[in-house]
1. Can you tell me which of 105-111, 55-61 comes out highest on packing, and rank the rest after it, using the mean Cβ neighbours within 10 Å?
2. Pulled fully out, how much extra length does the chain show between K26 and K112, if you take 0.36 nm times their separation in residues and subtract their Cα-Cα distance?
3. Which distance in nm do the two modelled labels at E145 and L236 give, with both placed 7 Å along the Cα-to-Cβ direction?
4. At a 10 angstrom cut-off on C-beta neighbours, averaged per residue, how do the peptides 66-73, 84-91 rank from highest to lowest?
5. Let me check I've understood the local charge: for R95, count other residues with C-beta under 13 angstrom from its C-beta, Lys and Arg +1, Asp and Glu -1. What total comes out?
6. All other residues with a Cβ under 13 Å from the Cβ of P66 taken together, and with Lys, Arg as +1 and Asp, Glu as -1, what is their net charge?
7. Using only protein heavy atoms and a 1.4 Å probe, report how much of D134 is accessible, in Å² to the nearest 10.
8. Of K117/K157; K26/K113; K78/K113; K27/K133; K26/K117, which ones are farther than 26 Å apart at the Cα?
Amino acid sequence: MSKRSIGAIKDDELQDVEEIVEIEIKKKNIKRIKIIEIEKNELNHYPMTNIPDLADNILENGLLEPLIGYITENGTFKLLGGHRRHSALILNLSRGGDEYAECITINQPANKKIELKMIGVLNCKREMDEKTKDNIVASYKNLYESLSHNERLINGKSVKMREWIGIQIGLSGRQVQTYLTRDKTKVEVTSTKKVLNINSVCKKCNALSSTIAEATDETILGKTKTEDLLSLKDDLNCLVSEVESLIELIEKTC
């Protein structure tokens, strides 16, 4: 295979990513970059475990393996590999650690599909728990749904979503389907909770509306007590808080 850069990879050549990443790393285009200016990658869903222990090790022995990433259009360094090491380095800043980190810079990936694949390649030796697999499959599902028909092709052929995701992350289509089904179940449970919350708030609104109507009638007759009005005010404030929480839940899950 010719020595191409990451940015030159085509969508139907994703199987070449591992080899090309290895070639890019061997170039050792290393820069010292300020740790607080390094940007985490939102596509990374691998677990951030044992950070304090890793921080202790780096503080004692130094950063033995450089971070890996690319320079964005805005000029910042964005991580592809080394999120745990980066978190450990940030922790060490308050403990007298180095303010800079050695970083291997490679060409920016041509698209999100290649970027996800690269993150997977750079984390392939790490063990994944079920939650991590759930998150990774969900990320690839979102990516698949955002692609055009031609962008979804594998070696020029159309494949099912579960097969497409499996090819990207090294799982069988059947394994991927397990995670897709589980994700769908979580969405259905969340939707059910929203409906139940909405129904509950509606019932409280109706009940409070009746109470307000009664209080209004009694006020006209001069029978309403001050403590009753204060209690009604408290009920209204509580209902407003519930409505605000419900709106926040809906915005997060939509």
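1. 105-111, 55-61
2. Details: separation 86, 0.36 × 86 = 30.96 nm, distance 2.32 nm.
In short, 28.6 nm is gained.
3. 4.1 nm
4. Working: 66-73: 18.1, 84-91: 20.2.
Ranking, from highest mean packing down: 84-91, 66-73.
5. Numbers: positive: none; negative: D56, E60, D98, E99.
Neighbour charge sum, excluding R95 itself: -4.
6. Numbers: positive: K26, K27, K28, K31, R32, R85; negative: E24, E65, D98, E102.
Computed value for this residue: +2.
7. Probe radius 1.4 Å; accessible area of D134 about 30 Å².
8. Numbers: K117/K157 19 Å; K26/K113 23 Å; K78/K113 16 Å; K27/K133 31 Å; K26/K117 19 Å.
Where the Cα-Cα span goes over 26 Å, the pairs concerned are K27/K133.
The values are calculated or read from the model by the stated rules, or taken from the named source; none is laboratory data. What you see is a predicted model; the values in this text were computed from it and never measured. When we count neighbours, we look across all protein chains shown, and the Cβ atoms used for this are built from the backbone with ideal geometry, even at glycine. Accessible surface is based on the protein model in full, side chains and every heavy atom, while ligands, DNA and RNA are left aside. Shrake-Rupley method; radii C 1.70, N 1.55, O 1.52, S 1.80 Å.
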